[in-house]
Amino acid sequence: MANSINERHVISVIVMNESSVLARVTALFAGRGYNIESLTVAPIPESDMSHITIATNGSSRVMEQITKQLHKLIPVYKVIEHEEMVEKEMVLVKFPIAENLSDISALCAAYNGGIVNVGTEMVIAQVADEPKRIKHFIEASQRYNPCEIVRGGVVAIER
Amino acid sequence: MQMSGAQMVCEAIIAEGVKTVFGYPGGAIMHVYDEIYKQNGFEHILNRHEQASVHAADGYARATGEVGVAMVTSGPGFTNAVTGLATAYMDSIPLVVISGQVPSQLIGTDGFQEIDAVGISRPCTKHNFLIRSLEELPRVLKEAFYIARSGRPGPVLVDVPKDITVEIGEFKYPDSINIPSYKPTYKGNKRQIEKAVEAIKSAKKPLLYLGGGIVLSNAADLVRELAEKTQIPAVETLMARGVMGAKNPLLLGMLGMHGNYSSNMAMSETDLVISLGARFDDRVTGKLSEFAKYADIIHVDIDAANIGKLVDVDYPIVGDITKVVEAMLPQLDDIDTDRFEAWRNILKRYDELHPQSYVDSDDVIKPQWVIERLGELLGENAIITSDVGQHQMWAAQHYPFDRPRQWINSGGLGTMGFGFPAALGAKRAFPDKTVINITGDGSILMNMQELVTAAEYKIPVINVILNNHFLGMVRQWQTFFYEKRYSETDLSFQPNFKALAEACGGIGYDVSTKEEFDAALKDAIEQDKVCFMNVQTNRFEDVLPMVPSGGALFNMMLPQKIDNSKEVK
């Protein structure tokens, strides 16, 4: 089959705000054997709709099916398979306060982030950047012994 | 007008013009049943199992083209209905199923007879609703019927908590519908249709590949016109039997795993597949890489997700078959029909070489003979339903279906036990037609309690049991692919079918000769009562031709040309 190479794709699904709509979307992925790499949902301001962003992977045939099957769901208003997009992801990392805070601060600054909370034993850093750079940031942060890392899902907007 | 939620359910059913509802009461749906008792806008048929209620509504929908309605209670009532929903879903049949649910405040507490109905039915309904408030009930009911019958049809579940059925509120059934996120495409893209027409005109060996979507779209007459105008030969899927009419010289037959030789060869050699409302099911295509290998493909389907799902399509057209074929026809006025003559002749030769055939016997009844005999005696007047297995395939191969909606069977899900309740629905819709359920000794037991329903409501359905004392289709696979290890398929231990039918208020016939069959059928039609006709048939008869699962369509196992009835296997 042509185009059978698995590639990463980001799709936005605009749905009507109604009960179990997220379950319909995720059940479709589970039932038809598609992958979800990350998923974010939030209401669209001043509307009765929500924006779901899904990062997934698959061949072009699979991507076409995902898009079409999503569109078949009754509460799905629109499906956008992103091509030219701005894509961001957020991560929160908790470091022990005993680590070198100025180094951590410099590291965060290099990835458009910073320390957002300081407690008696821990500091919390926040970074929002492209998913690839988030991955690099997490790798770089390992030397400061992070105790907890929480990654948000991807959000994307077409350019 | 002020009324209870239960009354609203009944009013909506009446407003939709539904004449018959199939169902089974229970705790959570009792208020609705109380209103059913008080009204006379529709009749309610009490099946003896919820699965049968949904199949009966399904049979009603398939026979009429209208939305079938079934009603069940929460918990086990609903779970029993799931097979019915899935059956209708796989064959795109418009149904509205109303299920009771535990009172709103109990939802999520594992209450008595509580089950997450919308969760369970999500993958086997076109859409489903859990009613959250009385205010939304009229709108949701209206939307349920609309969603069920529009676009690619399908079953819709409306789950109604008990407290909402008691609550009183204002009822106004909406006149119109606005679902911004649901706008089915009916009209095909003009440019794509033009391109497809050009492809038809320049093809040398085109083939019409006709699917159940034609039946759903009520487009059979148009499709016949298209075939006749272009003189392009046609093959039908299991779900499209009757579209072309058995006598139509352009019809090659059914294709697929049990398709006839010329149909499967036509699909293997064609240079242009014109797919109308078919979805390239694995039972049709066989090995995909060999399927229509030399052909460009025109695919017309109302469901965009069907297009390009399994095969690459050269001319995709999303739209309703009726609308698309209507648009195609005038553009084909100048087609040169002689162009396809050589192709038609090749296919005719194929059919002469290996016609759909079997060798009859004088000693034992061949199942194919029964089907042919039914066809001779009843022809286009009967509605034929079937269960699932060998008898289903023989019926599809040998019955001379003349019109769409004459043939009612579970194609996609392959549900044993579908035929009898579906026949009840069809017979209720068309009381003047003879309705025959062609079934097997395995399948019939899966909804045999419907004998009681049929007897009580005087729904005279004739069940022709092609009895081979086997789960025949599985046995056939065991013969071919499991070295004759007949694991759990021997049904030698059987009920007394005649006595069983009689015990439930029907008639039974034991048939083991052709004469007895004719006599029994004549009597069954005259008696006008539900019956079991227990026909002893050749035990080891196989459904042929057969394309082994995953094989290429042109690699068929063909029927033997000798009498095999004395063969010991």
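The values are calculated or read from the model by the stated rules, or taken from the named source; none is laboratory data. Predicted model only: the values in this text are computed from it and were never measured. A quick note on method: Cβ atoms are made from the backbone with ideal geometry, for glycine too, and the neighbour counts reach across all protein chains shown. Heads up: the accessible areas ignore ligands, DNA and RNA and are worked out on the full protein's heavy atoms, side chains in. Shrake-Rupley method; radii C 1.70, N 1.55, O 1.52, S 1.80 Å.
Dividing the mean sequence gap of close Cα pairs (under 8 Å, 6+ apart) by how many residues chain A holds gives a relative contact order of 26 percent. Within 10 Å of the Cβ of each residue in A:69-75, the mean number of Cβ atoms contributed by other protein chains is 6. Restricting the calculation to Cα atoms, every distinct pair contributes to the Kirkwood radius of the stretch B:2-170, found to be 15.2 Å. Kindly identify the stretch B:13-106 as rounded, prolate or oblate by the Cα gyration tensor criterion: order the square roots of the eigenvalues as a ≥ b ≥ c, call it rounded if a/c is under 1.5, otherwise compare a/b with b/c, prolate if a/b is larger, else oblate. It comes out oblate by the Cα gyration axes. For B:F401, the amide hydrogen comes within under 5 Å of the amide hydrogens of B:A246, counting only partners 5 or more places away or on other chains and with H modelled in the peptide plane.
With semi-axes defined as the square roots of five times the eigenvalues of the C-alpha gyration tensor, the equivalent ellipsoid of chain B measures 39, 32, 20 Å, largest first. For the stretch B:141-184, the fraction of 1.4 Å probe accessible surface lying on carbon and sulfur atoms is 52 percent.
Across the stretch B:434-480, Cα pairs under 8 Å and at least six residues apart give a relative contact order of 54 percent.
When each of the peptides B:338-349, B:15-26 is scored by the mean number of other C-beta atoms lying within 10 Å of its residues, the order from highest to lowest reads B:15-26, B:338-349. Straight-distance candidates among the lysines for linking to B:K561, with alpha-carbon spacing under 20 Å and chain neighbours fewer than 8 residues away dropped: B:K348, B:K366, B:K569. Applying the Karplus relation 6.51 cos²θ - 1.76 cosθ + 1.60 with θ = phi - 60° to the stretch A:8-16 yields 3J(HN,Hα) values of 7, 9, 10, 10, 10, 10, 9, 10, 5 Hz, where x marks Gly and Pro. Separation of the alpha carbons by more than 30 angstrom is noted, of B:K287/B:K484; B:K126/B:K522; A:K78/B:K309, for B:K126/B:K522. Note on B:K19: aspartates and glutamates with a C-alpha under 16 Å away, same-chain residues under 8 apart excluded, are B:E11, B:E35, B:E43, B:D58, B:E66.
Summed over both chains, the area buried between B and A is near 1600 Å², taken from the accessible surface of protein heavy atoms with a 1.4 Å probe.
The mean accessible area for residues of the stretch B:88-160, using a 1.4 Å probe and ignoring ligands and nucleic acids, is 35 Å² per residue. Over the protein assembly as shown, the fraction of Cα-Cα pairs per 20 Å bin, rounded to whole percents and listed from the shortest bin up, is 16, 43, 31, 9, 1.
Annotation: aspartates and glutamates with alpha-carbon distance below 16 angstrom to B:K190 (same-chain offsets under eight excluded): B:E198, B:D301, B:D314, B:D320, B:E326.
The Cα center of the stretch B:137-157 and the Cα center of the stretch B:4-71 differ in position by 15 Å. What is the antiparallel percent of DSSP beta bridges lying wholly in the protein assembly as shown, to the nearest 5? Given both bridge residues lie in the protein assembly as shown, the antiparallel proportion sits at roughly 40 percent. Within the accessible area of the stretch A:86-158, the carbon and sulfur atoms contribute 53%, probe 1.4 Å, all protein chains present.
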